[in-house]
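Trainee: Before we start, here is the structure in question, set down as structure tokens.
The values are calculated or read from the model by the stated rules, or taken from the named source; none is laboratory data. Computed from a prediction, not measured in an experiment: that's the story for all the values here. Because the Cβ atoms are built from the backbone with ideal geometry, glycine has one as well, and the counts that use them run over all protein chains shown.
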């Protein structure tokens with residue numbers, strides 16, 4: 001077992017964590033105003049935007065990955081623009097993985113934040129508006145501090161979901177060592193060559209990571225519930 005551990009390359013895990021960290025940070029910035037707007041808007045188009053946001057949950061990863069690959073390739077206007085204007089290729093590299101991961105993990109950040117904002121006492125928000133605070137200030141200084149469990153859930157689950165991505169990242173990034181070969185892709189390749197010992201170790205590490213992530217979410221939420229229950 002020790003010899004197998006020494007022979008394994010853990011670079012795919014580091015790459016997975018790097019991808020998950022960057023994706024989570026970007027989605028936090030994007031999803032905060034989006035989740036706030038979805039929780040407060042009375043627009044008749046709200047169901048449309050909610051369905052659009054949740055679409056990555058129900059779409060097969062191969063379908064989503066294919067359309068992202070097509071949209072970012074040089075054959076598309078977006079891919080041509082970035083390559084001609086900035087010399088940036090958006091497929092089969094780490095940049096493409098980040099873009100694809102942001103699309104794929106978007107609902108895992110938006111939905112907990114939206115639910116958290118919707119659970120806030122409306123009187124608290126109205127009091128903030130009456131005090132002269134704008135929507136942005138109300139969101140950041142009043143609403144955000146009162147949705148800590150939802151915020152923690154959004155961040156941790158988004159990070160864990162990105163670490164475990166496979167279909168989308170394989171479609172958009174392929175398997176380039178040190179660039180796009182994340183842990184899930186490495187496991188797939190171990191199975192392909194029937195190196196089941198390595199696949200078992202990599203998979204076990206992923207199981208442990210996933211369990212610890214979920215455990216931390218439940219412990220945090222339980223403590224927050226108990227804290228507010230005693231107030």
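Trainee: Determine which member of the set 108, 66, 92 is farther than 18 Å from residue 19 by Cα, under 23 Å from the mean Cα position of the chain (by Cα) and either in contact (Cβ under 8 Å) with a residue 40 or more places away in the chain or not in a helix (DSSP H, G or I) (or both). I'd like the intermediate steps shown before the answer.
Mentor: Details: 108 fails: farther than 18 Å from residue 19 by Cα; 92 fails: farther than 18 Å from residue 19 by Cα.
After applying the criteria, what remains is 66.
Yes or no, residue by residue, for (1) closer than 18 Å to residue 203 by Cα; (2) part of a helix (DSSP H, G or I); (3) modelled with pLDDT of 90 or more; (4) touching a helix residue (DSSP H, G or I) at 6+ places or on another chain (Cβ under 6 Å):
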| site | (1), (2), (3), (4) |
| --- | --- |
| 133 | no, no, no, no |
| 139 | no, yes, no, yes |
| 153 | no, yes, no, yes |
| 156 | no, yes, no, yes |
| 159 | yes, yes, yes, yes |
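Trainee: With (1) under 22 Å from the mean Cα position of the chain (by Cα); (2) touching a residue at least 40 places away in the same chain (Cβ under 8 Å); (3) part of a loop (DSSP other than H, G, I, E, B) as the list, and residue 175 as the residue in question, which single condition is left unmet?
Mentor: Condition not satisfied by residue 175: (2).
Trainee: How about region 69-89: which of its residues are part of a helix (DSSP H, G or I) and either touching a strand residue (DSSP E or B) at 6+ places or on another chain (Cβ under 6 Å) or touching a residue at least 12 places away in the same chain (Cβ under 8 Å) (or both)?
Mentor: Those that are part of a helix (DSSP H, G or I) and either touching a strand residue (DSSP E or B) at 6+ places or on another chain (Cβ under 6 Å) or touching a residue at least 12 places away in the same chain (Cβ under 8 Å) (or both): 69, 72, 78, 79.
Trainee: To continue, here is another question. Evaluate region 86-94: report whether one residue or more is surrounded by fewer than 17 Cβ atoms within 10 Å (Cβ to Cβ), more than 22 Å from residue 165 (Cβ to Cβ) and out of contact with any helix residue (DSSP H, G or I) (no Cβ under 8 Å at 6 or more places or on another chain).
Mentor: Yes, region 86-94 has at least one match.
Trainee: Can you tell me which residue among 182, 191 is more than 22 Å from residue 19 (Cα to Cα), modelled with pLDDT of 85 or more and surrounded by 13 or more Cβ atoms within 10 Å (Cβ to Cβ)?
Mentor: On the way: 182 fails: more than 22 Å from residue 19 (Cα to Cα).
Going through 182, 191 in turn, just one is more than 22 Å from residue 19 (Cα to Cα), modelled with pLDDT of 85 or more and surrounded by 13 or more Cβ atoms within 10 Å (Cβ to Cβ): 191.
Trainee: Also, I was wondering about something else. Has region 126-134 got any residue that is under 30 Å from residue 36 (Cα atoms), under 18 Å from the mean Cα position of the chain (by Cα), buried (at least 17 other Cβ atoms within 10 Å of the Cβ) and in contact (Cβ under 8 Å) with a residue 12 or more places away in the chain?
Mentor: Within region 126-134, none of the residues are under 30 Å from residue 36 (Cα atoms), under 18 Å from the mean Cα position of the chain (by Cα), buried (at least 17 other Cβ atoms within 10 Å of the Cβ) and in contact (Cβ under 8 Å) with a residue 12 or more places away in the chain.
Quick grid of which residues meet (1) crowded, with 17+ Cβ neighbours inside 10 Å; (2) at pLDDT 90 or above; (3) within 21 Å of residue 120 (Cβ to Cβ):
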{"site": "3", "(1), (2), (3)": "no, no, no"}
{"site": "21", "(1), (2), (3)": "no, yes, no"}
{"site": "24", "(1), (2), (3)": "yes, yes, no"}
{"site": "32", "(1), (2), (3)": "yes, yes, yes"}
{"site": "51", "(1), (2), (3)": "no, yes, no"}
{"site": "58", "(1), (2), (3)": "no, yes, no"}
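Trainee: May I ask you to say which residue of 150, 183, 143 is closer than 23 Å to residue 108 by Cα, in contact (Cβ under 8 Å) with a residue 12 or more places away in the chain and more than 21 Å from the chain's Cα centre (by Cα)?
Mentor: 143
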